[in-house]
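The values are calculated or read from the model by the stated rules, or taken from the named source; none is laboratory data. Nothing here was measured: the structure is a model prediction, and the numbers come from that model. Counting neighbours? That spans all protein chains shown, and the Cβs are built from the backbone with ideal geometry, glycine included. Surface accessibility is based on the protein's heavy atoms, side chains included, excluding ligands, DNA and RNA. Shrake-Rupley method; radii C 1.70, N 1.55, O 1.52, S 1.80 Å.
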Amino acid sequence: MSAPDTKSAPDTKAAASAVPDVRRRRRPVTGSLLVGGLIVAVVLGMALLSFVWTPHDPTLVNASARLQKPSLEYWFGTDKFGRDVFSQILVGSRTTLFVGFVAVGVAAVVGVPLGIAAGMAPRWLGELLMRANDLLLAFPALLLAIMFAAVYGASTLVAMVAIGIASIPNFARLIRGGTLQVMKTEYVTAARAAGRGPFAIAVRHVLPNVSSLVIVQASVGFAIAVLAEAALSFLGFGTPPPTPSWGRMLQESQEMLSSAPRLAVFPGIAIAVAVLGFNLLGDGLRDRFDPKLEDRR
């Protein structure tokens, strides 16, 4: 009768402790995540609501109702053309979110594969890709959008593409840094020893481990896109009329600042709150998914 293997239990415990516990990497929900998520949910709810209901037609010009003060009929009053400001805020949130989604999508679709490729490539090739990527940093989103608008004309599509292209370097540099860390892990070394190719390693090991970085950068990039879209519309290079836009509402309210300052206050607050919400959401997601923050505490 053979003696029981006393090493099996300790070896099992050691193996279990060597397996990373994914749940430990996720910190409790923070106040930033809750507040940011709530603000983003409100902005998203406003955009969805505008598809089915607005108090008035946001593009209807009514000369008899121009510059009305806030009331039960016009909750935020009317502008110099008699258009309902609250209805414009609702529809403007839809425009802002649409631009943000497309701009962040363009940046992620190009920047994430570029960052992974630069991190997995030989050092000289990775540095070459990053130097080429840095060339885009010479063209800020606003400058790139103005250049595109001068060539192709001012439109929402031009603003989305320009903001997305200008955000590619941020995604690429961040994902490359995460990829370099993942490539040093033991499970990647084991995958290479098992004969897996670069594409399989990138899809099965690198991409899942940098997905949290993509989510955080997307939320921060969304805030940048909201500001950029508002600035472009303010300058006349963004969403053209009559489609409501928060930035253009600010531009149209300039000449009425002394007599009707509320026309600038409402869209200004909408822009500030939306940017704050996405920034807080990004900070909260970083605190929740970044294991380094937990190790430092």
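Close amide H contacts of Met183 (hydrogens built in the peptide plane, cut-off under 5 Å, sequence separation of 5 or more or a different chain): none are found. Using a simple spin-label model with pseudo-atoms 7 Å out from Cα toward Cβ, Phe98 and Leu235 lie 2.2 nm apart. Protein-only accessible surface at a 1.4 angstrom probe places the residues Tyr74, Tyr152 in the order Tyr152, Tyr74, largest first. The calculated P(r) of segment 201-278, using every Cα pair and 5 Å bins from 0, goes 3, 15, 18, 17, 14, 9, 7, 6, 5, 3, 2, 1, 0 in percent. For the options Ser155, Ser87, Ser258, a Gaussian network treatment of the chain with springs between C-alpha atoms closer than 10 Å singles out Ser258 as fluctuating the most.
Spin-label point model (7 Å from Cα, Cβ direction): what's the Val203 to Val265 distance in nm? That separation, rounded to one decimal, is 5.6 nm. Our coupling estimate for segment 142-158, obtained by passing each phi through the Karplus curve with A = 6.51, B = -1.76, C = 1.60 and θ = phi - 60°, is 5, 5, 5, 5, 5, 5, 5, 5, 5, 8, 9, x, 6, 6, 5, 4, 4 Hz, Gly and Pro reported as x. Secondary-structure-derived ellipticity at 222 nm for the chain, considering helices only, amounts to -23000 deg cm²/dmol, per-run term -39500 (n - 2.57) for DSSP H runs with n ≥ 4. Think of each Lys and Arg Cβ as +1 and each Asp and Glu Cβ as -1; about the Cα centre, that makes the dipole of the chain roughly 840 debye.
For the chain, what is the accessible area per residue in Å² when the probe is 1.4 Å?
Values: 16130 Å² over 297 residues.
Heavy-atom accessible area per residue stands at 54 Å².
Remark on Asn62: its backbone amide H falls under 5 Å from those of Gly82, Arg83, a criterion applied only to residues 5 or more positions apart or on other chains, H modelled at 1.01 Å from N. In angstrom, the C-alpha Rg and Dmax of segment 80-153 are 18.6, 62.
Under 5 Å between amide hydrogens, built in the peptide plane, is the criterion, and for Asp79 it picks out Leu67, Val85 among residues at least 5 positions away or on other chains.
The peptide list 280-287, 64-71, put in order of mean Cβ contacts within 10 Å with the highest first, becomes 280-287, 64-71. In terms of overall dimensions, segment 108-262 has a Cα radius of gyration and Dmax of 20.2, 73 angstrom. Once every Cα of the chain carries one equal point scatterer and solvent is ignored, give the base-10 log of I(q)/I(0) from the Debye formula at q = 0.09, 0.10, 0.11 Å⁻¹, two decimals. Result of the Debye calculation: -0.57, -0.67, -0.77. Would you mind telling me which residue in Ala108, Ala200, Ala172 has the biggest mean-square fluctuation in a Gaussian network model of the chain, where springs connect alpha carbons within a distance under 10 angstrom? The residue with the greatest mean-square fluctuation here is Ala200. Once the Cβ-Cβ distance of Arg196 and Glu255 is raised to the sixth power relative to R0 = 45 Å, the FRET efficiency obtained is 0.10.
Converting the Cα gyration tensor eigenvalues of segment 172-234 into ellipsoid dimensions via √(5λ) gives semi-axes, longest first, of 35, 9, 8 Å.
Comparing Pro58, Pro242, Pro113 in a Gaussian network model of the chain, where Cα atoms under 10 Å apart are tied by springs, the biggest mean-square fluctuation is seen for Pro242.
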